[in-house]
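Have a look at the structure below, then the notes.
The values are calculated or read from the model by the stated rules, or taken from the named source; none is laboratory data. It should be emphasised that the depicted structure is a prediction, and the values quoted were computed from it without experimental measurement. Heads up, the Cβs are rebuilt from the backbone with ideal geometry, glycines too, and the neighbour counts pull from every protein chain shown.
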Amino acid sequence: MAFPFYWMLATSLKSPQEAQQSQPVWIPERLRAANWKAAAQLGAQGGSALWGGYQAGRTVTLRIYTGEAGPPPQVRIPTVAGAFFDPRAEDSQIQIRFREGYWEIAITNNSNQSFRLLPLVVLISKSYPSYWPELPPDAVRSSGDDWRLEWVNVAPGALGYVLHNYREAWNAAPFGRYFFNSFFTAGTQVLVGLLLAAMAAFALARIAFPGKGVVWLLILATLMIPGEVLLIPSYVLLSKLGWINTYYALIVPWLASVFGIFLLRQFYLSLPNDLFDAARIDGASYWTQLWRIALPLAVPGLITYGIFTFLGAYNALLWPLIVTDKPEMYTIQRGLQVFIGEAGSDYGALMAASTLSILPIVLGYFFAQKQFIQGVARSGIK
């Protein structure tokens, strides 16, 4: 289990050429101290030496060694907003000069606002016999009639260089909205699902009524129905209700959980009967017994069910993929598809976004692991 997690984390720190090469790269080059130092120097020119940036009125200078003054490099800043490019890049001015064996490219921010990222493309002739570029951080070297050097960010800074994929991923899509959708749908399913499961489980565990055994068998029988069988009927029903691309479609079909009813019923059955007998002698109603006795003693089971429900809702991909096609309604798992397209996948940014998406799950488990383990142990599930 640790190996895939490490590979995801390592890939989130790799440059594009490292992430796509066939030979495994176990330690990304961005973690090398020498590259940190170079990135910090560039960041200090344009903005913060730690986080980088391209501040208004500042100049960043890139040096490319050729040894002799030959054909000057062709330099351009993409002005069309691409997947991760800043559309305000046309506000920068470029000056090129040769000095002491280096072509110096000075990029000045003439705007009155700072940029987080600034793309740059440099084409330099292969006619230089001894040419080999001293690449700044985040440069990509490719072949062709000329050397083509690309920088997604010319002023990365030390941490901005190491965590570049994370900055790129966060700005590639409205991940703040995706996180809100995921937490809102998962939180609502947990709260409402806990209430419904707690009441249904109490009735099946502590209230005698005709046909209780048959009802319980019918509820358990629904566990044998594959969820995929219900996808089309559920979609048709929600479509007729006009709930496609709404929170209702993401939440309502999953509020009732047979697993939650089973888990809490087992908890209620494990509680001493004397507690409920004493409560009935004192005149407590079933509602009072549920809220005053059963629920306080079943907190580990409630937390366990809440964790399972939250995980299922937060990690859901198939259902949000079916009932949402508007970006403002995407959940975090649906939003990860931003980095997968016909032109290929940006694995570094994809793994960075994936790492961000699982952080709430990891942190939540560490905070609730005691109740989770206790709840599973006491519910009779082995």
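One residue alone among Leu290, Leu255 is in the same structural domain as Ala352 (by TED's automatic domain parsing) and either surrounded by fewer than 18 Cβ atoms within 10 Å (Cβ to Cβ) or under 34 Å from the mean Cα position of the chain (by Cα) (or both), and that residue is Leu255.
Per this entry, Ala200 is counted among residues that are assigned to a helix (DSSP H, G or I), touching a residue at least 40 places away in the same chain (Cβ under 8 Å) and assigned by TED's automatic domain parsing to the domain that holds Phe308. For the stretch 314-328, the count of residues that are part of a helix (DSSP H, G or I) and basic (Lys, Arg) is zero. I'd like to check something: does the stretch 131-141 contain any residue that is under 30 Å from Leu317 (Cβ atoms) and surrounded by fewer than 19 Cβ atoms within 10 Å (Cβ to Cβ)? The answer is no, given that none of the residues of the stretch 131-141 is under 30 Å from Leu317 (Cβ atoms) and surrounded by fewer than 19 Cβ atoms within 10 Å (Cβ to Cβ).
Assess whether Asp325 counts as being exposed (fewer than 14 other Cβ atoms within 10 Å of the Cβ), at pLDDT below 90 and out of contact with any Asp or Glu (no Cβ under 7 Å at 6 or more places or on another chain). Taking the combined requirement at face value, the residue satisfies it.
Give me a count of the residues in the stretch 144-158 that are within 24 Å of the chain's Cα centre (by Cα) and among the small types (Gly, Ala, Ser). Matching residues across the stretch 144-158 total 2. Remark: pairs (first residue in the stretch 272-301, touching a residue at least 24 places away in the same chain (Cβ under 8 Å) and within 23 Å of Leu196 (Cα to Cα); second residue assigned to a helix (DSSP H, G or I) and among the hydroxyl-bearing types (Ser, Thr, Tyr); Cβ separation under 8 Å; 6+ apart in sequence or on different chains) = Ala294/Tyr268; Ala298/Tyr268.
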